[in-house]
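Undergrad: First, the structure itself, so that you have it in front of you.
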Amino acid sequence: MSTDQTLTFMRHPAPNPVTADVRAGLLRDPGFGRIFTDHMATIRWTQDRGWHDAQIRAREPITLDPAAAVLHYGQEIFEGLKAYTRGDGSIALFRPDQNARRFQASAARMAMPELPESLFLQAVDELVKIDAAWIPGDDGSLYLRPFMFASEPFLGVRPSYEYLFIVIASSVGSYFKGGAKAVTVWLSDRYTRAAEGGTGAVKCGGNYAASLLAQAEAIKHGCDQVVFLDAAQHRWVEELGGMNVFFVFDDGSMLTPPLSGTILPGITRDSIITLARREGRTVREERYAIDQWRADAASGKLREAFACGTAAVVSAIGKIKSAEGEFKIGDGEGGPVTAAIKAKLVGIQRGDVADADGWVRKIG
Ligand SMILES: Cc1ncc(COP(=O)(O)O)c(C=O)c1O
């Protein structure tokens, strides 16, 4: 797949953008995923023309034929990444090339065309540039949501011959309502997220649709997120609904479930493994059984656990609840390793810590 195709984006700025005053009001307490910017980037793909018709235009509802394949067979994939304002006032993205590549992997798995990396990055850059005023201050950021779906009106079951790629942006603050507090997770013993040979390792909408009932159950039990076990044995810890998971032990070592094909290869996960190993920590990518998690939490061998992903960055896990009761990790408030890893990662993203791996891509 070519990675260097470029297109000229036709610019049609929004005729009635939100005024600076209204925007300032919206950005005071953005929450997560409910405040949207003025524009979106779009690119079309058809079987005969390939990628074409790149635009930056007003964000507005899109018209879809009721027979559009996505509405029936769910051919849809997406990504999530953030644009940050850094200490020096510049705007930057964190490892967006990795999102572009994962988007290609998702497309391949869902029998969709692979968007060249250059076009993915171009679309994201152009949108951030035109909507830069929407990046909130303090520790807020602009959450970018590239996605693609089958737009061909056709009811036969086969890969669509037409797709629409869109990037929208949302001004965001903290992902969890409690901010930096340790989260409580619900252990789903009934529902699983992904099975071997399925789509767990890619970011398709269907994975999330299948997780929502478990997530609703988590909320009903007063939890912030759901943690899934493997589909075959209901024994091995996989990941949370939208985050990977790490464990920190009394000898300073860390463990995270391996990329077995049923969990998402998180970019935050990969970054944390790299940073922790460079500090001399042992990080094992190994299976971890739920019974072991309980036993290690009880014995004190397990000192900390945390969830990680673009949206919430790093969040300490304080407590696990399940049908069989609940248990706490450490004092239930999170610990120093989790805090240090979070500080380092955020420091690199914001420009306060040296970016030894060239992960930060400045815009403009
Ligand atoms: C199911 C799932 N696991 C893990 C992650 C973390 O991935 P990343 O660190 O690339 O955001 C996400 C978020 O994208 C996710 O949806």
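Undergrad: Rounded to the nearest 5, what % of DSSP beta bridges with both residues in the stretch 1-132 are antiparallel?
TA: Bridges in the stretch 1-132 that DSSP calls antiparallel: roughly 75 percent.
Undergrad: While we're on this one: Counting only residues 5 or more places away or on other chains, whose amide H sits under 5 Å from the amide H of L81 once H atoms are built in the peptide plane?
TA: L144
Undergrad: If you plug each phi of the stretch 260-273 into the Karplus form 6.51 cos²θ - 1.76 cosθ + 1.60 with θ = phi - 60°, what whole-Hz ³J(HN,Hα) values come out, in order, with x for Gly and Pro?
TA: Each residue of the stretch 260-273 in turn: 8, x, 10, 10, 6, x, x, 6, 5, 3, 4, 5, 5, 4 Hz.
Undergrad: The stretch 200-246: which trypsin sites (Lys or Arg not before Pro) are DSSP loop and have at most 13 other beta-carbon atoms within 10 angstrom?
TA: Counting only loop positions with at most 13 other Cβ atoms within 10 Å, the trypsin sites (Lys or Arg not before Pro) in the stretch 200-246 are R235.
Undergrad: Apply the Karplus curve 6.51 cos²θ - 1.76 cosθ + 1.60, θ = phi - 60°, to the phi angles in the stretch 43-48 and return the couplings in whole Hz, x for Gly and Pro.
TA: 9, 9, 9, 10, 4, 7
Undergrad: Distance check, please: which entries in K181/K344; K82/K301; K220/K301; K181/K203 exceed 25 angstrom between their Cα atoms?
TA: Distance filter (> 25 Å) returns K82/K301; K220/K301; K181/K203.
Undergrad: Follow-up. Take every DSSP beta bridge with both residues inside the chain and express the antiparallel ones as a percent of the total, to the nearest 5.
TA: 80 percent
Undergrad: Counting helices only, and only those DSSP H runs with n ≥ 4, report the 222 nm mean residue ellipticity of the chain as the sum of -39,500 (n - 2.57) divided by its residues, in deg cm²/dmol to the nearest 500.
TA: -8000 deg cm²/dmol
Undergrad: Taking the beta-carbon count within 10 Å as an exposure proxy, list T184, T63 from fewest neighbours to most.
TA: T63, T184
Undergrad: If you don't mind, there's one more thing I want to ask. Work out from phi, with θ = phi - 60° and the Karplus expression 6.51 cos²θ - 1.76 cosθ + 1.60, the ³J(HN,Hα) of each residue of the stretch 58-63, listed in order in whole Hz, and give x for Gly and Pro.
TA: 4, 6, 7, x, 9, 8
Undergrad: 5 Å is the cut-off here: which amide hydrogens, built 1.01 Å from N in the peptide plane, fall below it relative to H39, excluding neighbours closer than 5 in sequence?
TA: R59
Undergrad: At most 15 other Cβ atoms within 10 Å plus a DSSP loop assignment makes a site exposed; report the longest stretch of the chain without any exposed GluC sites (Glu not before Pro).
TA: 1-195
Undergrad: Over all distinct Cα pairs, what is the inverse of the mean 1/r for the chain, reported as the Kirkwood hydrodynamic radius in Å?
TA: About 21.5 Å, per the Kirkwood formula over Cα pairs.
Undergrad: Of M110, M148, M243, which is the most mobile in a GNM of the chain whose springs link Cα atoms less than 10 angstrom apart?
TA: Maximum among the listed residues: M110.
Undergrad: Shifting gears a bit: I need the trypsin sites (Lys or Arg not before Pro) found in the stretch 1-48, filtered to DSSP loop residues with at most 15 other beta carbons within 10 Å of theirs.
TA: R28, R34
Undergrad: What is the distance in Å between the Cα centres of the stretch 80-136 and the stretch 286-364?
TA: 24 Å
Undergrad: Which log10 I(q)/I(0) values does the stretch 183-350 give at q = 0.13, 0.14, 0.16 Å⁻¹ under the Debye formula, counting every alpha carbon as one identical point scatterer?
TA: For the requested q values the scattering log ratios are -0.57, -0.67, -0.89.
No value in this document is a laboratory result; all are computed from the given coordinates. In this text the structure is predicted, and so the values were computed from the model without any measurement. Here Cβ is always computed from backbone atoms with ideal geometry, including for glycine, and neighbour counts include all displayed protein chains.
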